[in-house]
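Down below is the structure, laid out as structure tokens.
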Amino acid sequence: MKIQVTEKKVHIPENVRAYAEKKVGKLARYFRADAEAFVVFSVEKNRNKAEITVHAANTYFRASESTSDMFASVDAAISSLERQIRKNKTRLAKRIRQDAFVRSPEEISTLVPDGPEETYEIVRTKQFPMKPMTREEAILQMNLLEHSFFAFRDEDYDGAFAVVYKRNDGGYGIIEDSQ
């Protein structure tokens, strides 16, 4: 597993960096060798934040935790990632190593107000390859990224563009192209 550590407006001591690399390295048992992990350290409102993103087999896993201690933030983010993987292990079977879960017991760890017209400014553009996938895979990917929506190409409808989203009532919705 390739691990990349980034610092955002903060300087991290080498021992914290090494600790994060060691902990993230332990996630390698769940993934094939081509997996990539990105660790981003930052400080927001006097809280130490660690965000870990793992990209493996066209699937992203993300966890972000903020505590008073950077070591605790790393530990909490790793725990969140492991929880995501375990919770979805049957759905993820094709994307993770076949023997990922075979471990000894010790390792288990309304109205518009009057005023000036608003201008719309795009401040960020994201580009990513949209692979065809089933609706269930898209919902899984959305949940793993902890997003409220996910755009994808619907494998069951000849690769048509679609968006799945999480509804306020806890269910899921889909927006599809009507052409």
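Taking region 9-31 on its own, how many of its residues are among the basic types (Lys, Arg) and surrounded by 12 or more Cβ atoms within 10 Å (Cβ to Cβ)? Let's see the steps before the verdict.
Of region 9-31, the ones among the basic types (Lys, Arg) are 9, 17, 22-23, 26, 29.
After this cut, where a residue has to be surrounded by 12 or more Cβ atoms within 10 Å (Cβ to Cβ) as well, the list is 17, 23, 26, 29.
Adding up the residues that qualify gives 4.
Out of all the residues in region 31-56, which are touching a Leu at 6+ places or on another chain (Cβ under 9 Å) and under 23 Å from Ile139 (Cβ atoms)? Show your work before the answer.
Let us first name the residues in region 31-56 that are touching a Leu at 6+ places or on another chain (Cβ under 9 Å), namely 35, 37, 52-54.
If the condition is that a residue be touching a Leu at 6+ places or on another chain (Cβ under 9 Å) and under 23 Å from Ile139 (Cβ atoms), then Ala35, Ile52, Thr53, Val54 are the ones that fit.
Quick note: the coordinates plus some simple rules give every number you see, no bench work behind them. Here the structure is a predicted model, which means the values were calculated and not measured. In this analysis, Cβ positions are derived from the backbone assuming ideal geometry, glycine residues included, and neighbour counts consider all displayed protein chains.
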